[in-house]
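Please read the structure below before turning to the comments.
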Amino acid sequence: MNGGDEVVAAPGGPPQPLEWKFSQVFGERTAGEEVQEVDIISAIEFDKTGDHLATGDRGGRVVLFERTDTKDNGGTRRDLERMDYPISRHPEFRYKTEFQSHEPEFDYLKSLEIEEKINKIRWCQTANGALFLLSTNDKTIKFWKVQEKKVKKISEMNVDPSKAVGNGNLASSSNLGSSKTHLANGGCPDRSFSCLSNDISFPPGGIPSLRLPQVVTSHETSLVARCRRVYAHAHDYHINSISNNSDGETFISADDLRINLWNLEISNQSFNIVDVKPANMEDLTEVITSAEFHPTHCNTLAYSSSKGSIRLIDLRQSALCDSHAKLFEEQEAPGARSFFTEIIASISDIKFGKDGRYILSRDYMTLKLWDINMDSGPVTTFQVHEYLRPKLCDLYENDSIFDKFECCLSGDGLRVGTGSYSNLFRVFGCGAGSTEATTLEASKNPMRRQVPTPSRPSRSLSSSITRVVRRGAENPGVDANGNCFDFTTKLLHLAWHPTENSIACAAANSLYMYYA
């Protein structure tokens, strides 16, 4: 279906297409610069407030960014009154901190290398000014606490600092190789203090009183990331998803065949709630590709499969949720099956809308929007890069057909987004009657690719884009706007700000941010 009539109704007709503008870029490449494999971004996630953004890379690092343009708003009455006026500034983020989340490991029992690449990041609830987040590689999930701590310094001592080695080091440094015994404060059991005379001079008459160094807390702060818990040894296959529960206490982790339920406080025990592994592995027909908790119902979660179906399960039904509460899948058109049908039907990512009413799914060729109250089929299907269909054979040969693109929804539920090749990403309107279908490039000029093709000079910008997207390009060797296609540059990861029309997306090692 290409309608959108059953989706969110917008008052006063469909919303106007957004005009996207470049906001920021972190880690921009210079022309000809070679990208290191470990620097390629592999995960992006905004927190619930939208004031923090986290990225993970293939080198196992997590980098945090914080929003700066809202910090001077709020607080005083004048600021609050000023907020009645529209704020013209766009969202701005700055680098906050980074830490090494995962290291490469080796499983000696299975003779298997476990790479450090971050597969997913999920923010947890904040507490006492500290940030909490979950990060995972293929096998191990970690729970991190990031907190500002005041720097503590040692104040002055009554010993000349130019001659003193340091607190507690006087006796040990001056008596290397000496067999004499020394007291705790650097003294000797004999009467003389000759054991210290080579390193430090005392004032005439000695020191009247012993002053210990004082530790004082300065106004400087430093960000400290500490791993609070490690959830390991629970998955035989590669973890593809983690998702927080709305109860704030539990989360799930999913691999190809199983989904486990964890309590954040307990790292040595998890409960297996979904198991699709057959008794005989030769009977295996589909695997789990993505899983996510419902945003408000703590007993409901959805998971997608490599056959293009989405299952909604209710944790109240049974301890092991072998049977689903609802099944969402699109019926295959008769006579349309080909060698690639099952491969391109595999869902790479699913996301719940903010209110939990809709599920967005991404397969290789399309985005689909599902209403959880209607399991007969998707309410809307968006063609992401239909012009690639004639090239599926080439995409299979170079393994691009197995690329896993993520998807995202806007906070108001009126738009959806996903990535494509040549560092392009697409934004579609899913409001009632909307025909918005925008192609953007991850560069400082995102609308660069929006020029209508010369063969259609008379059409308006939006109608030209929409017609191309819905029908596909005439020339299969080029993209939607007549440009040459590059399979090596792909935009797999992107995230939509929870409350504003702002998108963060990853092009190799660069993080681009846009606003509308």
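The values are calculated or read from the model by the stated rules, or taken from the named source; none is laboratory data. Bear in mind the structure is a predicted one, so any value in this text is a computation, not a measurement. Cβ: placed from backbone, ideal geometry, glycine included. Neighbour counts: every protein chain shown. Just the protein is used for accessible areas: all its heavy atoms, side chains included, with ligands, DNA and RNA removed. Shrake-Rupley method; radii C 1.70, N 1.55, O 1.52, S 1.80 Å.
Out of the total accessible area of segment 337-453 (probe 1.4 Å, heavy atoms of protein only), what percent is carbon and sulfur?
On the way: 1940 of 3780 Å².
Ligands and nucleic acids excluded, carbon and sulfur give 51 percent.
Near residue 321, once Lys and Arg are set to +1 and Asp and Glu to -1 for all other residues with Cβ below 13 Å from its Cβ, the sum equals +1. Across the protein chains, with a 1.4 Å probe defining accessible surface, the residues 95, 514 rank 95, 514 from largest area downward.
Do any trypsin sites (Lys or Arg not before Pro) in segment 206-284 lie in a DSSP loop with no more than 13 other beta carbon atoms within 10 Å, and if so, which? Write out the running numbers ahead of the final one.
Values: sites: 211, 226, 228, 229, 258; in loops: 211.
Filter output for segment 206-284: 211.
In this label model, residue 263 and residue 286 are separated by 3.3 nm, measuring between points 7 Å along each Cα→Cβ vector. When you filter the chymotrypsin sites (Phe, Trp or Tyr not before Pro) in segment 314-384 for DSSP loop state and at most 15 other Cβ atoms inside 10 Å of their Cβ, you are left with 339. Accessible surface computed residue by residue for segment 339-415, with neighbouring protein chains in place and a 1.4 Å probe, gives 35 Å² per residue.
Distance between the pseudo-spin-label points of residue 332 and residue 247 (7 Å out from Cα toward the beta carbon): 3.9 nm. When the convex hull of its Cα atoms is viewed from all sides, segment 328-461 shows a mean projected area of 10.0 nm². Sparse packing (at most 16 other Cβ atoms within 10 Å of the Cβ) combined with a DSSP loop state is found for the following trypsin sites (Lys or Arg not before Pro) in segment 306-335: 307, 316.
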